[in-house]
């Protein structure tokens, strides 16, 4: 299994946090934007190394940061391991029903990357009120069907 453990400081900038990647992932994982499992503070999650023109990093979403018991700016040991498992998002039944009602939206859903599918599902499942959930589902269907 291809993996690398290193010590780093989480960078927190407002609500955003990243984990700097201090090595060349291409040498370790075979490509820069490698899918990885991230283990920090005893917690493991799935992500992808980001290469957006700046320093290489791994995003640390609020939900993952909280699950790991971190606030940001901590210095700790991090392990990145190549994630070779299939990445699949299981959309909730109410989203599936709404997407299937619009053929283009359903096709577009299947063309989305794992990360984009996960973003839609997370936004829907994080809704606290039923009307917010419904509004997010409707927005997702409109966006995927190509209608404003």
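With the condition kept exactly as written, say whether any residue in the range 45-53 is over 13 Å from the mean Cα position of the chain (by Cα) and surrounded by 12 or more Cβ atoms within 10 Å (Cβ to Cβ). Checked the range 45-53: at least one residue is over 13 Å from the mean Cα position of the chain (by Cα) and surrounded by 12 or more Cβ atoms within 10 Å (Cβ to Cβ). Residues that are in a loop (DSSP other than H, G, I, E, B) and over 20 Å from residue 118 (Cβ atoms): does the range 13-20 have at least one? Yes, some residue in the range 13-20 is in a loop (DSSP other than H, G, I, E, B) and over 20 Å from residue 118 (Cβ atoms).
When you scan the range 93-102, do you find a residue that is out of contact with any helix residue (DSSP H, G or I) (no Cβ under 8 Å at 6 or more places or on another chain), surrounded by 11 or more Cβ atoms within 10 Å (Cβ to Cβ) and modelled with pLDDT of 95 or more, even just one? Within the range 93-102 (the criterion being out of contact with any helix residue (DSSP H, G or I) (no Cβ under 8 Å at 6 or more places or on another chain), surrounded by 11 or more Cβ atoms within 10 Å (Cβ to Cβ) and modelled with pLDDT of 95 or more), the answer is yes, since at least one residue qualifies. Of all residues in the range 31-64, those satisfying the criterion of being over 20 Å from residue 75 (Cα atoms) and without any contact (Cβ under 8 Å) to a residue 24 or more places away in the chain are 31, 33, 51, 52, 53, 54. On inspection, residue 128 qualifies as over 30 Å from residue 49 (Cβ atoms) and either touching a residue at least 60 places away in the same chain (Cβ under 8 Å) or outside any helix (DSSP H, G or I) (or both).
The values are calculated or read from the model by the stated rules, or taken from the named source; none is laboratory data. A quick note: this is a predicted structure, and the numbers were derived from the prediction, not measured. Note that each Cβ is placed from the backbone with ideal geometry, even for glycine, and that neighbours are counted across all protein chains shown.
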